[in-house]
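Reading through the structure tokens given below for one structure.
The values are calculated or read from the model by the stated rules, or taken from the named source; none is laboratory data. Keep in mind the model is a prediction, meaning the values are calculated, not measured. Cβ sites come from the backbone with ideal geometry, for glycine too, and all protein chains shown count toward neighbours. Ligands, DNA and RNA are excluded from the accessible area calculation, which covers all protein heavy atoms including side chains. Shrake-Rupley method; radii C 1.70, N 1.55, O 1.52, S 1.80 Å.
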Amino acid sequence: MNMFFTLLKTQLNNRFGLTAMRINAHSDKKAFRKQLGMSLVIIFSMIYLVAIYSFLAYKFFGLTLQANMPEIILVLTISASMIVTLLTGLIFILGSLFFAKDSEFLATLPVKPSVVFASKFSQVYLNEIFVTLAFLLPPFIIYGVSLGMGALFYLKALLIILFVPAIPLLISALLSMVLMNLVSRTRRRDTIAVVGSIALLILYVFGQTYLMSQIPENGNAQALIGLLNSQSGLINFLGRAFPPSAWATLALVNDNINGLFPLVEFICLSLILLIVTIPLAGKIYYKGALSHLETAKKNKKRSAKESKGQNSPVMAIFFREWKTITRSPIYALNSLSGIFMALIIMVLPMFGGSMKSDPQMNALLSLITGEYTVTVLLAFAGMMVLFGGLNPAASTVLSREGTSFWISKVIPVSYRTQIIGKFLFGYSIGAITAFATAIGAIIGLKISMSITAGALLLALLTLVSITAASIIIDLARPRFNWNSETEAIKQNMNVLASMLASVIIIGIYVGATWLMQTLAFSWTIIVLVDVVISVASGAFLYSFMLKYGEKRFGVIEP
Amino acid sequence: MINIKNVTKSYAKGSVKAVDDISLEVKNGEIFGFIGPNGAGKTTTIKMITGILKPDTGSITIGGKDIQTDSVEAKRQIGFVPDSHELYDRLTGMEYIKFISDVYGVPEAQRKANTEKYLAMFGLEDSSEELIKTYSHGMKQKITLISALVHEPPLWILDEPMTGLDPKASFALKEEMRSHCDRGNTVFFSTHVLEVAERICDRIGIIDDGKLIAVGTIEELRKGEKGTTLENIFFKLTEAAEGGEK
């Protein structure tokens, strides 16, 4: 047990730079103030986001209270938290447990593999607890205070918050161990790991869709109303996307013995999964975690291929970025899975069981293809921009170089040219995602080609600003010291800042469109103005990115 | 070829002087050895010469081009091998060489010839299509060397280039360094292996505690004491420098 805490403490210290902060506090006060300042900015930003979220949750709770279904807020937030943890947990688990730089070093220590696994898993778990806390605490408090719940409610709420990440993370850990074990037996490990990870993520999404689509097929309204009128029926119905979320909710809403059994079920399942995972990790964890260190000796004598073709420096950098992304399971999962997700989300209605014959879904579809053409065009453009802009490729374009950033400093390519190469790379991922969304919209939602083409054009113009903004953010504070590729992306605040920037940029369009609509501008003018805003903001941010980037490259010291 | 004038580099708001007002000229056609104890400032100096770090004061020119104000042209003249081997792990050795060839604008015929020559010289023909992350430390060192040589720069800057090389590769490198200088080019390298420096360098600079404490040919450094090895000279000078501070 001591070894576990020693490992965990050291790894957390290394990851968060706690010793470095302590030393800076005494010897480099400027660096310390900068670190502290950044931490405070992040904390205040999180508080701000949580405050907005809490306000929205409070409004939503009010509606559910009027409908006499206040439990909805609990089951929905717990379900959402567990599903999101399941999806993002896979990326975290793979990166922190299987692709960390210190795996080789830890394997040489006299520590059991299960203990190493447990310490790394705990880091991921602690990270998720903070996110879960921010997500669940507001609705729990709103529910508890509004309905005058007693101390037992809050005690159960605390237990549930502590255990909510367990089931999804342990499922991710088990599946990752199996995947990496299989990968270790193949030769093309990285390719299999990339493809396998993306396939697993797609499987999760389809699995959720299947569970969500299991509503009574014959559409018997009376049966449905009967189901929803009972508290447990409602909770089980809404929690079908992730059944343990229903147990957690039932545990919370029932003060008596009816609440105890689901709580025990919930906690027991978490503990059973843990009891299964840790010993299994002891047997197979290292095989998967260290497989990337083994090299397969080629039996055939090969001579070097001819180095064909000469690329310009811009294209050399462009292709280098693409090769790096596609050959790293973590980078691929984070940056490229968005392309598949966008396509899947658009075509989901084709596969969603009774959703296909859902009259409300059909009504929505006819609305989309009907008279509100321009609104649909703008909304789709926004969606493409959101999907395309949320990937972390552009906002980590320097950070991902890590300790090999020295190469960018010594090659005889102007910083401006290097930034252009990186911009092209980041933009290409956003553009491909937008294309995937467009294709999905045509196939899945039967949106017309003309609307889709218009939306795509607007989205491609807007993605220039978003890509440039993301790169500017990474230029301002690149993160080069990371232990695993996951840290380069997932624990890089630049990614979050870039997502916020994307949301703000989209917000500007939404605001401008709303204002023009309020002033009774014609839709033609509105679209034209949106195009002008795209082009102008894109040109400005691109130009600023180049000027700022040239200065920053010169002073960044790897 | 290299002209360093009054260069200083400090850390921790000036409290730690990694390099303290050094001036140095490295001539065309010479192998210049740069030696010093650990933490003396060798790597910091090299990083400033190659443009990785910016000096606090002073200037550095490479073939007449300032590394800060005319950085692209200055860097085009350099083939650099750092002491660490952090490369693009997800590229193959060949892809990395191709990338470097592209950014240095090496014509196809030249890159083909040089790639084949150096892969054979360092015994990496069979491994060049493997990912760099599968390479041993020595293999990474070799790929870094090859990429620094493929574009035939007039100036080679090598930071402890022998570390991790097998004897055959080490010998080949020393031969290549000599041959490079015989063609009128320049080699600037740092090493801890004083016997190598003594044998192959035309001139040697000794840095200690951020200051350049001696520069000259091995004969000039001996100061008439025949038979004295570079090792003895080194210890004498660095201990004297230490004693002077005390």
Within the range B:30-70, restricting to residues that are more than 14 Å from chain A (Cβ to nearest Cβ) and either part of a helix (DSSP H, G or I) or among the aliphatic types (A, V, I, L, M) (or both), the one that is nearest to B:Val215 (Cα to Cα) is B:Ile35
Checked against (1) open to solvent by 40 Å² or more (accessible area, probe 1.4 Å); (2) within 28 Å of the chain's Cα centre (by Cα); (3) at pLDDT 85 or above, A:Val510 satisfies every condition except (3)
- Is it the case that A:Ser465 is assigned to a helix (DSSP H, G or I), buried (at least 18 other Cβ atoms within 10 Å of the Cβ) and in the same structural domain as A:Val347 (by TED's automatic domain parsing)? yes
Within the range A:543-558, restricting to residues that are within 14 Å of chain B (Cβ to nearest Cβ) and part of a helix (DSSP H, G or I), the one that is least open to solvent (accessible area, probe 1.4 Å) is A:Phe553
Could you go through the range B:78-87 and let me know if any residue there is surrounded by fewer than 22 Cβ atoms within 10 Å (Cβ to Cβ), more than 7 Å from chain A (Cβ to nearest Cβ) and farther than 20 Å from A:Thr403 by Cα. no
Considering the range B:88-100, residues that are more than 20 Å from A:Tyr415 (Cβ to Cβ) and either outside any helix (DSSP H, G or I) or open to solvent by less than 20 Å² (accessible area, probe 1.4 Å) (or both), and then whichever is nearest to the other protein chains (Cβ to nearest Cβ), we arrive at B:Arg90
Taking first residues from the range A:298-320 that are facing chain B (nearest Cβ under 7 Å) and closer than 11 Å to B:Phe99 by Cα and second residues anywhere that are part of a loop (DSSP other than H, G, I, E, B) and at pLDDT 50 or above, the pairs with Cβ under 6 Å that are 6 or more apart or on different chains are A:Pro313/A:Val413
Flagged in the range B:101-123 as of a type in the set (A, V, I, L, M, F, W, C), more than 7 Å from chain A (Cβ to nearest Cβ) and over 20 Å from the mean Cα position of the chain (by Cα), in numbering order, are B:Val106, B:Ala109, B:Ala113, B:Ala120
Residues of the range A:53-91 being open to solvent by 30 Å² or more (accessible area, probe 1.4 Å) and of a type in the set (A, V, I, L, M), in sequence order, are A:Leu56, A:Leu63, A:Leu65, A:Ala67, A:Met69, A:Leu76, A:Ala80, A:Ile83, A:Val84, A:Leu87
For the range A:503-518, pairs from a residue that is polar (S, T, N, Q) to a residue that is open to solvent by 90 Å² or more (accessible area, probe 1.4 Å), with Cβ under 9 Å and 6 or more apart or across chains, are none
### Query
Does A:Ile420 fit the bill of being of a type outside the set (Gly, Ala, Ser), modelled with pLDDT of 90 or more and surrounded by fewer than 21 Cβ atoms within 10 Å (Cβ to Cβ)?
yes
Here the residues within the range A:138-161 that are without any contact (Cβ under 8 Å) to a residue 40 or more places away in the chain and surrounded by fewer than 16 Cβ atoms within 10 Å (Cβ to Cβ) are A:Val145, A:Gly148, A:Ala151, A:Tyr154, A:Leu155, A:Leu158
Those residues of the range A:62-109 that are among the aromatic types (Phe, Trp, Tyr), at pLDDT below 80 and part of a helix (DSSP H, G or I) come to a total of 1
Contact list, first residue from the range A:382-401 and modelled with pLDDT of 90 or more, second anywhere and part of a loop (DSSP other than H, G, I, E, B) and of a type in the set (S, T, N, Q), beta-carbon distance below 7 Å, six or more apart or interchain, is A:Thr396/A:Asn492; A:Ser399/A:Asn492
query: Within the range A:427-438, is there a residue that is surrounded by 20 or more Cβ atoms within 10 Å (Cβ to Cβ) and either farther than 30 Å from B:Asp89 by Cα or not assigned by TED's automatic domain parsing to the domain that holds A:Ser328 (or both)?
result: yes
Apart from one, (1) in contact with an Asp or Glu (Cβ under 9 Å, 6 or more places away or on another chain); (2) open to solvent by less than 20 Å² (accessible area, probe 1.4 Å) all hold for A:Asn483; the odd one out is (2)
(1) surrounded by fewer than 16 Cβ atoms within 10 Å (Cβ to Cβ); (2) under 12 Å from B:Phe34 (Cα atoms); (3) without any contact (Cβ under 8 Å) to a residue 40 or more places away in the chain all hold for B:Ala214 apart from (1)
Looking across the range B:124-146 at residues that are facing chain A (nearest Cβ under 9 Å) and in a helix (DSSP H, G or I), the single one that is surrounded by the most Cβ atoms within 10 Å (Cβ to Cβ) is B:Lys133
Subset of the range A:513-542, residues of a type in the set (S, T, N, Q), part of a helix (DSSP H, G or I) and open to solvent by less than 60 Å² (accessible area, probe 1.4 Å), comes to A:Thr513, A:Ser534, A:Ser537
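So that you can scan it fast, the table gives a plain yes or no per residue for (1) farther than 24 Å from B:Glu108 by Cα; (2) of a type in the set (A, V, I, L, M); (3) within 16 Å of the chain's Cα centre (by Cα):
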residue	(1), (2), (3)
B:His137	yes, no, no
B:Lys142	no, no, yes
B:Leu145	no, yes, yes
B:Leu149	no, yes, yes
B:Asp159	yes, no, yes
B:Leu165	yes, yes, yes
B:Phe171	yes, no, no
B:Glu175	yes, no, yes
B:Gly210	yes, no, no
